[in-house]
């Protein structure tokens, strides 16, 4: 298993570090790398199934950012900037096309996603581990696009406009995918476990 960083950054911290990185602060740049390597890797798994290639592309992305730091634009949305850059780099370079996961094919419903990608979706103090595994297995029954939009919305905390831009669809399509995906999760949960929904999942279903 890959040794990925568990360090996390708030959006405010990331924005401040980004500004320092653009001024040539290597320590700030290193903190950005540690904070975003895992989220980038988890998101990249929705685009390519080859972990080695994904590691290489993420490394190349950060190397490019450092080399081009004087011309990199400022942004308050560092997470979105990095996700968009990774996606563009994977697609534009046509990396290992025969292993690429189609982002348009509804038949790719069973993409194997790292367990870490969805472990954070439930925080139930009494049944955290059990419920996280249950939810992870249920999420894998959704279509690939439903998996991606749920991952970006609830794990990466991107808003609907950012998700629409990242996935190349309109905002209404994002809302539709979220609604249909969460409705299926609600149905699967009741059919599979006949248990009350965990509080956090229930809150998401109501707010969608």
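Quick notes on this one:
- Members of the range 149-178 that are in a loop (DSSP other than H, G, I, E, B) and over 11 Å from the mean Cα position of the chain (by Cα): 159, 168, 169, 170
- Which listed residue is touching a residue at least 24 places away in the same chain (Cβ under 8 Å), over 15 Å from residue 156 (Cβ atoms) and not assigned by TED's automatic domain parsing to the domain that holds residue 139, from 16, 61: 61
- The residue of the range 88-101 that is modelled with the highest pLDDT, among those that are touching a strand residue (DSSP E or B) at 6+ places or on another chain (Cβ under 8 Å) and either in a loop (DSSP other than H, G, I, E, B) or crowded, with 17+ Cβ neighbours inside 10 Å (or both), is 90.
- Residue check for residue 35: at pLDDT 90 or above and either touching a strand residue (DSSP E or B) at 6+ places or on another chain (Cβ under 8 Å) or in a loop (DSSP other than H, G, I, E, B) (or both): no
- Residue list for the range 65-87, filter: in a helix (DSSP H, G or I) and either touching a helix residue (DSSP H, G or I) at 6+ places or on another chain (Cβ under 7 Å) or within 25 Å of residue 10 (Cβ to Cβ) (or both): 65, 66, 78, 79, 80, 81, 82, 83, 84, 85, 86, 87
- Residue 104 assigned by TED's automatic domain parsing to the domain that holds residue 45, surrounded by fewer than 16 Cβ atoms within 10 Å (Cβ to Cβ) and either modelled with pLDDT of 60 or more or more than 12 Å from the chain's Cα centre (by Cα) (or both): no
- Taking the range 138-148 as the range and being in contact with a helix residue (DSSP H, G or I) (Cβ under 9 Å, 6 or more places away or on another chain) and either surrounded by 22 or more Cβ atoms within 10 Å (Cβ to Cβ) or in a helix (DSSP H, G or I) (or both) as the test, the residues that pass are 138, 139, 142, 145, 146, 147, 148.
The values are calculated or read from the model by the stated rules, or taken from the named source; none is laboratory data. Just so it is clear, the structure is predicted and the values come from calculations on it, not from any experiment. When we count neighbours, we look across all protein chains shown, and the Cβ atoms used for this are built from the backbone with ideal geometry, even at glycine.
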